[in-house]
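Since the structure comes first, as structure tokens, the remarks are kept for the end.
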Amino acid sequence: MVVLGIDIGGSGMKGALVNSITGEMITERYRIPTPKSRKPKEMAAVVKEIVTHFNHKGPVGCGFPTVIRHGVCKSQGNLHKKWLNLNVRELFSEATGLPVTVINDADAAGYATMNYGIGKGKEGLVIMITIGTGLGSGAFFNGELIPNFELGQIPYKKYDKIEDWAAASAKEREELTFKQWGKRFNKFLEYVELLVSPDHIILGGGTSKQFDEYKNYITIETPVIPAELRNQAGIVGAAAAALHQAPRD
């Protein structure tokens, strides 16, 4: 089956058609900048535009950059406050006229990695960290998703969320070197290791492509590896989630 996967981020909204059997993207990725307002109406219009671009008529899966429970946004994250307690699934379904499944973006990246990538077959507790505007995290135990495992929301010192201090956006905003930022990211991983004692940590998101630049500053005991799918994982995983979750929703 061909499914449209859409990865919604704080800076860009990206989509592609995906073969749900192989996990391969069968089209080029199409990207539209996230509206500066980050409000529901404007972002729903972009989702519709992506659907129209591909002339897609089937199921749609969306990875969303905050906590999603039964299709409802339970934390505004890096988005506008109007998202809080809004039914994202209904909003996007009405905008597109198609069945839409919405899942946390890190959970979506995890779906891709655990079903089609380097996480396939890994047992125990696997944590997927997506590095971008924020720090998303998805958790899998023996291959089964534990939803909304948002470790990037941990408060840290003067920051409401540790992701405000240690995400890729902080590196860009403060013009940090990879060494400076790598040490911050390692501090975040230390908290992850302390709190949940994972067996493996897999890194996704755009910054995972530059793993060689900062891997020497990661000193935790837990094995840390970059995801093979890299920044395609959000799209592929969102498409997979449309099939995994739609019947239960």
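The values are calculated or read from the model by the stated rules, or taken from the named source; none is laboratory data. This structure is a prediction, so every number in the text was calculated from the model and none was measured. Here the Cβ is made from the backbone with ideal geometry for all residues, glycine too, and neighbour counts use every protein chain on show. Quick note on the areas: whole protein, heavy atoms, side chains included, nothing else; ligands and nucleic acids left out. Shrake-Rupley method; radii C 1.70, N 1.55, O 1.52, S 1.80 Å.
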In order through the range 109-123: 3J(HN,Hα) via Karplus (6.51 cos²θ - 1.76 cosθ + 1.60), integer Hz, x for Gly, Pro = 4, x, 3, 5, 5, 7, 9, 10, x, 5, x, 4, x, 6, 9
For Thr27, residues with placed amide H under 5 Å, excluding near neighbours = Leu17
Along Cα→Cβ, 7 Å out, is where each label goes; now give me the distance between the ones at Glu175 and Asn85 in nm to one decimal.
-> 4.3
Please work out the Cα center distance from the range 98-155 to the range 25-57, rounded to the nearest Å.
-> 22
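Over all alpha-carbon pairs in the range 136-231, figure out the percentage whose distance exceeds 24 Å.
Details: 728 of 4560 pairs.
Roughly 16 percent, rounded to a whole number.
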Listed peptides 48-54, 172-178 by packing density, highest first (mean Cβ within 10 Å) | 48-54, 172-178
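Rounded to the nearest 0.05, what FRET efficiency do Glu24 and Lys157 give with R0 = 35 Å and r taken as the Cβ-Cβ distance? Could you check? Don't jump to the answer; show the numbers that get you there.
Numbers: r = 43 Å, r/R0 = 1.22.
After rounding to 0.05, the efficiency reads 0.25.
Kindly state, to the nearest 0.05, the FRET efficiency for Glu213 paired with Asn55, given R0 = 35 Å and r defined as their beta-carbon distance.
Working: r = 39 Å, r/R0 = 1.12.
Efficiency computed from Cβ-Cβ geometry: 0.35.
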³J(HN,Hα) computed for each position of the range 131-137 - Karplus, 6.51 cos²θ - 1.76 cosθ + 1.60, integer Hz, glycine/proline x = 9, x, 4, x, 10, x, 9
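Considering only DSSP beta bridges with both partners in the range 1-138, what is the antiparallel share in %, to the nearest 5? Write down the numbers at each step before the final one.
Numbers: 19 of 28 bridges.
In the range 1-138, DSSP labels about 70 percent of beta bridges as antiparallel.
At a 1.4 Å probe radius, carbon and sulfur cover how many percent of the accessible area of the range 105-249? Intermediate values should be presented prior to the final figure.
Numbers: 3020 of 6490 Å².
It is 46 percent, rounded to a whole number.
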Leaving out ligands, DNA and RNA but keeping every protein chain, what accessible area does Val196 have, in Å² rounded to the nearest 10, with a 1.4 Å probe?
-> 40
Between Lys41 and Ile225, how many nm apart are label points set 7 Å from Cα along the C-beta direction?
-> 4.8
In sequence order, calculated HN-Hα J values of the range 202-212 (Karplus, 6.51, -1.76, 1.60; Hz; x Gly/Pro) | 10, 9, x, x, x, 6, 5, 5, 9, 3, 4
For Tyr191 and Glu123, FRET efficiency with R0 = 25 Å and r from the beta-carbon atoms, rounded to 0.05?
-> 0.60
How many nm is it between the label spots at Ile146 and Leu243, if each spot is 7 Å from the Cα in line with the beta carbon?
-> 2.7
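Calculate for the chain the 222 nm mean residue ellipticity that helices alone would give, adding -39,500 (n - 2.57) per DSSP H run of length 4 or more and normalising by residue count, nearest 500 deg cm²/dmol. Mind showing how you got there, number by number?
Numbers: 8 runs with 82 residues, N = 249.
The per-residue figure over the chain is -9500 deg cm²/dmol.
Compare the peptides 188-194, 237-243, 33-39 by average per-residue count of other Cβ atoms within 10 angstrom and give them in order, highest first. Walk me through the intermediate numbers first.
On the way: 188-194: 17.7, 237-243: 28.6, 33-39: 14.0.
Packing order, densest peptide first, comes out as 237-243, 188-194, 33-39.
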Contact order normalised by residue count of the chain, Cα under 8 Å, 6+ apart, percent = 22
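Answer rounded, prolate or oblate for the range 1-152, using the Cα gyration tensor with square roots of eigenvalues a ≥ b ≥ c: rounded when a/c is under 1.5, else prolate when a/b is larger than b/c, else oblate.
On the way: a/c = 1.77, a/b = 1.19, b/c = 1.49.
Oblate.
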What residues qualify as long-range amide H neighbours of Gly136, i.e. H under 5 Å apart, gap of 5 or more or another chain, H built at 1.01 Å from N?
-> Thr130
